Amino acid sequence: RAPGRPTGSETLPSENMPAPSPLAVASTSAPIRVEPGRRASRASPSVASSSLGHDARKKSAPGLGSLALSRGRLSRGRALVTRASAADAPPAIAAAHLRTTITPVPPEIAAGGGMLLADQPGMKAGFGDLTAHDFLRVDVDAPNLRVLCIDPPVLTVDDFLTPDECDALIDAAASSGEMKVSAVGGVDDVNIRTSKTCTLDSPTLADHPTKKAILAKAEALLPQLAGLSASKAAFKPPTSRSPYSFELPQVAHYRGGEYFKTHEDAFPEAAASRKGYQRRATVLVYLNDVAEGGATRFDKIQPPLDVTPRKGRMLLFFPGTKASMPDARTTHTAREAVPGHEKWISQLWVCAYAGKHAPEGKPPGPGDRAARRAAEKAAKKAA
């Protein structure tokens, strides 16, 4: 909010504000508290740490800072809305890839399926601001949107696809003849993935209705992508003129005992620089229920966060940041399905241009060869 000297407190009816929540996000420095007639002061470290994720007291990099997700606090049943002065504001927020802190939701809420944002109106706008600041803005009004971790953001949407859409895509992929062992090399050339995968670009899969549904719903959830799937550049490397694109959606099949060991979805910094783009969002849809095993585990969230496969459920997280850097906090594992069970998923990666960014309203700089050539041609034509 706009900084300024404290002018007292505005009291609002309690029904207009959510009840105090343990999900309130604080800074890794102590939060600001302002009372009428008093200077802004910082809470003690013991108070601040109560609403932070683990590793909250590390001083290596500032955390969420002023992007607080709680809109106020309650005093005797009434919400107290206060403003802190600019002089007392917390330090600037460290870039996401530099943050070592993790701000989870309480374990009991995560175990219950996460925080339903529709039930937390006081947090929705703040959470949207957080995703826009470091990642890609999320439509916080999307139905069934649940938060499993606040920072790094990990979200799910149940019923993202209908059962019929899931079944149709499984049948089409299984009968396509395109499913291949998805070998991914790890340390010492040991394969870290044993599932089978196909890309949805073959004649029988390229125009599949479920593929179109995934793209359309991803665009709705991430408003910056609006209209992207209809663009000619939808599946081409992003540029400064067309800064977002999709990698071709895939379908993966894990039989009982198959796995994808701990990994990151983002490209390493050198690879992103060479490619000129970074994977910024992972949209993963579970196409079937898995009775035992098969969870997606986020290893660096403590306790480890397991997302259970459920038919039609979408999992969203952000492996790369706005700075085009990997966010190592999103390291995850596809755990083995128990023998006798199987897992089908569809995955979509959203990529963003990682070259030299031009300010809005100005022509792209020399980092984008295609855009530069287009500008040269336009100049010649004008001359």
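The values are calculated or read from the model by the stated rules, or taken from the named source; none is laboratory data. This one's a predicted model, so the numbers in the text were calculated from it and none came from an experiment. Reconstructed Cβ throughout: ideal geometry from the backbone, glycine too, with neighbour counts over all protein chains shown. Quick note on the areas: whole protein, heavy atoms, side chains included, nothing else; ligands and nucleic acids left out. Shrake-Rupley method; radii C 1.70, N 1.55, O 1.52, S 1.80 Å.
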Tally up the carbon and sulfur contribution to the accessible surface of segment 146-245 as a whole percent, 1.4 Å probe, everything protein left in place. 55 percent
Binned Cα-Cα distance frequencies in segment 113-353 - 5 Å width, integer %: 1, 6, 14, 18, 21, 19, 13, 6, 1, 0
Sum of side-chain charges, residue 322 neighbourhood, beta-carbon under 12 Å (Lys, Arg +1; Asp, Glu -1): 0
Net +/- balance of residues flanking residue 342 in space, Cβ distance below 13 Å, scoring K and R +1, D and E -1: 0
With the cut-off at 22 Å, tell me which of the pairs 236/275; 212/261; 236/300; 180/275; 261/343; 217/300 have Cα atoms farther apart than that. 212/261; 236/300; 180/275; 217/300
Pop a pseudo-label 7 angstrom from the Cα along the beta-carbon direction at both residue 180 and residue 255 and give the gap in nm to one decimal. 1.9 nm
Quick one: which residues, 5+ away or cross-chain, put their amide H under 5 Å from the amide H of residue 154? H built at 1.01 Å from N. 148, 149
At residue 220 and residue 269, where each label point lies 7 Å from the Cα along Cα→Cβ, what is the point-to-point distance in nanometres? 3.9 nm
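Arrange the peptides 290-299, 309-318 so that the one whose residues have, on average, the most other Cβ atoms within 10 Å appears first. Don't skip to the end; give the middle numbers.
Working: 290-299: 18.6, 309-318: 23.2.
The packing order, highest mean first, is 309-318, 290-299.
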